[in-house]
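Working notes for the structure below.
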2 protein chains.
Amino acid sequence: MLRSISERKRNFYPLDKHFKRQIKEILGFKPKRYAVYQLALIHKSAASRFSKQNDIHNERLEFLGDAILDSVIAEHLYESYPGRDEGFLTQMRSKIVNRETLRNVALTMGLDKLIVSNLTSDTHIGLYGDALEALIGAIYLDKGYGKVKRFITQKLLQKHINLNKLIETETDFKSRIIEWGQKNRKDINFTSQEQVSARTKKPVFVSHLLVFDEIVGMGMGKSKKEAEQNASKQAIQMLGL
Amino acid sequence: MLRSISERKRNFYPLDKHFKRQIKEILGFKPKRYAVYQLALIHKSAASRFSKQNDIHNERLEFLGDAILDSVIAEHLYESYPGRDEGFLTQMRSKIVNRETLRNVALTMGLDKLIVSNLTSDTHIGLYGDALEALIGAIYLDKGYGKVKRFITQKLLQKHINLNKLIETETDFKSRIIEWGQKNRKDINFTSQEQVSARTKKPVFVSHLLVFDEIVGMGMGKSKKEAEQNASKQAIQMLGL
């Protein structure tokens, strides 16, 4: 079995002054151990450089960092909006933690310069955002929850996120799919209907999104709007947009 | 604006010895402030007892606790399985954090005796598990991340979860939907096809689940099996099973 990264002392690649300085600048503090940050910056495409098993890369740290990020954002929203319900909090979080935001934050931080990868951003859109999540996982393992919370609050929320503006931004899955349809001359239709949930006995909306006559996404929600958003979200995934 | 629960000193309902003793027993420690635990145990159905705005209930804390729980479980799995990839970790987490497990843990803890609700479990299956998540949010706010991590590890993981057994358990969305079909004489079919993702240029599987000839769920995955599981998961949601 692999040794846990938390216990690991050996680095994955030689540490030079350049790496040490840049990572310290990005983090805003001096790491205890560098190995975990190196691992956070190794994309899967470069894994074969480090081991025959191709298992030295940042996907596990990304899994951890994604969860830590979600919970720090959850707390931030919980404390910032004492008068708003959990539907609002959930929506706000998904507006904050999305691929575009994470990518932008990663680029502004200069994370792209440190990533070890055989890809470029053009071929893999999640590359930088995923590395940022992995970095969050690394900070947590190296320095604990309090430190990673400060990092996320200062580097991500305060610098990059305008909460008041986000409140007014519509989650835009539906707009995105409609725009895609217009651009590519695809006929897009939604069919929505109200049902009574078999489980909760409450009314729910079910929405189907059709491209020409083929269903490419379906979703549910407490309102027609929410159901259409969910159907659009799935369609975007299914169509690889 | 409502005052943040973290700053709140006043209780939501009178504290009696019984409540104090029971909550202490459930938590395994003495709370600093009781109000946040009271709030965690108020179901939405009873909100009107506490305010005209119906906003005194545990849904916001459930949002917070759900995220905290996810990240504690993520770390536990990350450390427990250094040799396994993020797909395995993700799957294991969803096997641990599901409605049935949370409900069982809540009931074994005796949380049901403290819940303030106008419902019974029969009419709302998430009642107890949701309260457990809210309780986790409350512990975090009252005592911090280290304490809630210990609570989850000791009360949930060590007592209730057999990780080795879970590894062998199949995520059973597909079996569940097929069983439902057999019981209710519904003709269930899967159609799956391999595609190349427009975004990542990698092969993906897309699966549709049909009840008679109607699509009730669709899903994607790196394998046919994963795509069918995802389609089944959506179908279970869409059909309210």
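The values are calculated or read from the model by the stated rules, or taken from the named source; none is laboratory data. Remember, it's a predicted structure, so these values are computed and weren't measured experimentally. All Cβ positions, even for glycine, are placed from backbone atoms using ideal geometry, and neighbour counts span all protein chains on display.
Looking at the stretch B:141-151, can you tell me whether even one residue there is aromatic (Phe, Trp, Tyr), within 14 Å of chain A (Cβ to nearest Cβ), touching a residue at least 40 places away in the same chain (Cβ under 8 Å) and under 30 Å from B:Lys30 (Cβ atoms)? Yes, the stretch B:141-151 contains at least one residue that is aromatic (Phe, Trp, Tyr), within 14 Å of chain A (Cβ to nearest Cβ), touching a residue at least 40 places away in the same chain (Cβ under 8 Å) and under 30 Å from B:Lys30 (Cβ atoms). Of everything listed in (1) surrounded by 15 or more Cβ atoms within 10 Å (Cβ to Cβ); (2) more than 9 Å from every other protein chain (Cβ to nearest Cβ), the single unmet condition for B:Gly217 is (2). Checking each residue in the stretch A:89-102 for being more than 16 Å from A:Asn162 (Cα to Cα) and surrounded by 13 or more Cβ atoms within 10 Å (Cβ to Cβ) picks out only A:Thr90.
Scanning the stretch B:44-68 for residues that are of a type in the set (Lys, Arg) and either under 20 Å from B:Ile152 (Cβ atoms) or not assigned by TED's automatic domain parsing to the domain that holds B:Gly126 (or both) turns up just one, B:Arg60. Return yes when A:Lys233 is surrounded by 15 or more Cβ atoms within 10 Å (Cβ to Cβ), of a type in the set (Lys, Arg) and more than 8 Å from chain B (Cβ to nearest Cβ) and no when it is not. For A:Lys233, the condition - surrounded by 15 or more Cβ atoms within 10 Å (Cβ to Cβ), of a type in the set (Lys, Arg) and more than 8 Å from chain B (Cβ to nearest Cβ) - is met.
In this entry, B:Gly137 is excluded by the filter for residues that are in contact (Cβ under 8 Å) with a residue 12 or more places away in the chain, part of a helix (DSSP H, G or I), in contact with a strand residue (DSSP E or B) (Cβ under 7 Å, 6 or more places away or on another chain) and not aromatic (Phe, Trp, Tyr).
Checking the stretch A:94-105 against the condition returns no match, with no residue being at the interface with another protein chain (Cβ under 9 Å from one of its Cβ atoms), of a type in the set (S, T, N, Q) and out of contact with any strand residue (DSSP E or B) (no Cβ under 8 Å at 6 or more places or on another chain).
The numbered conditions (1) part of a helix (DSSP H, G or I); (2) surrounded by fewer than 22 Cβ atoms within 10 Å (Cβ to Cβ); (3) within 15 Å of the chain's Cα centre (by Cα) are all true for A:His124 except (1). Going through (1) over 24 Å from B:Leu77 (Cα atoms); (2) touching a Phe, Trp or Tyr at 6+ places or on another chain (Cβ under 7 Å); (3) buried (at least 18 other Cβ atoms within 10 Å of the Cβ); (4) without any contact (Cβ under 8 Å) to a residue 60 or more places away in the chain one by one, A:Leu107 falls short only on (3).
Hey, does the stretch A:54-63 have a residue that's surrounded by fewer than 20 Cβ atoms within 10 Å (Cβ to Cβ), more than 11 Å from every other protein chain (Cβ to nearest Cβ) and out of contact with any helix residue (DSSP H, G or I) (no Cβ under 6 Å at 6 or more places or on another chain)? No, the stretch A:54-63 contains no residue that is surrounded by fewer than 20 Cβ atoms within 10 Å (Cβ to Cβ), more than 11 Å from every other protein chain (Cβ to nearest Cβ) and out of contact with any helix residue (DSSP H, G or I) (no Cβ under 6 Å at 6 or more places or on another chain).
Within the stretch B:35-90, the set of residues being in contact (Cβ under 8 Å) with a residue 40 or more places away in the chain, of a type outside the set (A, V, I, L, M), under 25 Å from B:Lys147 (Cα atoms) and not in a helix (DSSP H, G or I) comprises B:His43, B:Asn58. Would you check if B:Glu228 is under 26 Å from B:Leu77 (Cα atoms), in contact with a Lys or Arg (Cβ under 6 Å, 6 or more places away or on another chain) and either in the same structural domain as B:Ile96 (by TED's automatic domain parsing) or not hydrophobic (A, V, I, L, M, F, W, C) (or both)? Answer is yes for this residue.
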